[in-house]
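Asker: Take a look at this one; I'll ask things after.
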Amino acid sequence: MNTPQKSTSNHTSSNHTSAGSAQRTTAQSVFLDVPDLAAAEAFHDALGVRDRIQLRESNEPTTGFRGYTLSLVVSQPNIVDAFVGAALAAGATELKPVKKSLWGYGGVVQAPDGSIWKIATSSKKNNGPATRTIDNLVLLLGAEDVKASKQFYLDHGLEVSKSFGRKYVEFISAAGNVTLALYGRRALAKDAGLAPEGTGSHRITITGASEPFADPDGFAWESALS
């Protein structure tokens, strides 16, 4: 069970904006609350994601799975290897070693600040030299009820780009922004190589809303950055 903290905590929140006030919303970037700002900056600089990942120093209590993962989607396996190598050199811990699978090639690491990063490609072959090109940066939120969370976000002005029943939902995003997606919490934790239990703060805030709100799983949104 998750324990209540506040709107950014790892629990279900009732602080919903009414559907009637919905406006067009897309995820813009995210703020990560980190206990060691210098270490977090070094890690995110190594991945080259500081344009979409903002950092602020905080030590809100949190244990276990925080309910989300961040994914770097790239075009071929040698780029996965390059990013995973850079992450490990910047202090990350390997959670799932890089390997081929039915869907492609990838691995999972945990950053020094505790955030979980999956680096993956759907391709199983290299078609050129490794680059530092990121095709997409996806924020996957672990939802207790994907269908209910999907409807919540539709009511708050997001638009669906992909949907696979109660299993997975992806929302439309602007070029260069974070792509928001929903996945079942237990399935997401399993994919990350972790147990699904977690308590305390999510230590993440999403920007891009017309006004602040929190979703059914306690993930907080702030107004869009100017």
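The values are calculated or read from the model by the stated rules, or taken from the named source; none is laboratory data. Note that the coordinates shown come from a computational prediction; the quantities given were computed from them, not determined experimentally. Neighbour counts run over all protein chains shown; Cβ positions are idealised from the backbone, glycine included. For accessibility, only protein heavy atoms count, side chains too; no ligands or nucleic acids. Shrake-Rupley method; radii C 1.70, N 1.55, O 1.52, S 1.80 Å.
Asker: Could I have the simple spin-label model distance between A42 and T133, label points 7 Å from Cα toward Cβ, reported in nm to one decimal?
Answerer: That separation, rounded to one decimal, is 3.1 nm.
Asker: Relative to the present Cα-Cα distance, how much length would full extension add between R50 and K99 at 0.36 nm per residue of separation?
Answerer: 15.0 nm
Asker: Taking the solvent-accessible surface of protein heavy atoms with a 1.4 Å probe, what is the per residue accessible area of the stretch 76-128 in Å²? Could the numbers behind the result be given before it?
Answerer: Working: 2380 Å² over 53 residues.
Value for the stretch 76-128: 45 Å² per residue.
Asker: Run the accessible area of the chain with a 1.4 Å probe and give the carbon-and-sulfur part as a rounded percent.
Answerer: 51
Asker: Here's another thing I want to ask about it. Longer than 29 Å from Cα to Cα, which of K124/K147; K124/K167; K125/K147; K125/K150 are they? Say none if no pair is.
Answerer: On the way: K124/K147 32 Å; K124/K167 25 Å; K125/K147 35 Å; K125/K150 34 Å.
From K124/K147; K124/K167; K125/K147; K125/K150, over 29 Å: K124/K147; K125/K147; K125/K150.
Asker: Can you pull the one-decimal nm distance between simple spin-label points at I172 and E211, each 7 Å off the Cα toward Cβ?
Answerer: 2.3
Asker: Right, next: For the residue pair A224 and Q151, what label-to-label distance in nm results when each label sits 7 Å from Cα along the Cα-to-beta-carbon direction?
Answerer: Calculated label separation equals 2.7 nm.
Asker: Here's another thing I want to ask about it. Given the chain, what percent of its DSSP beta bridges are antiparallel, to the nearest 5?
Answerer: The antiparallel proportion sits near 65 percent.
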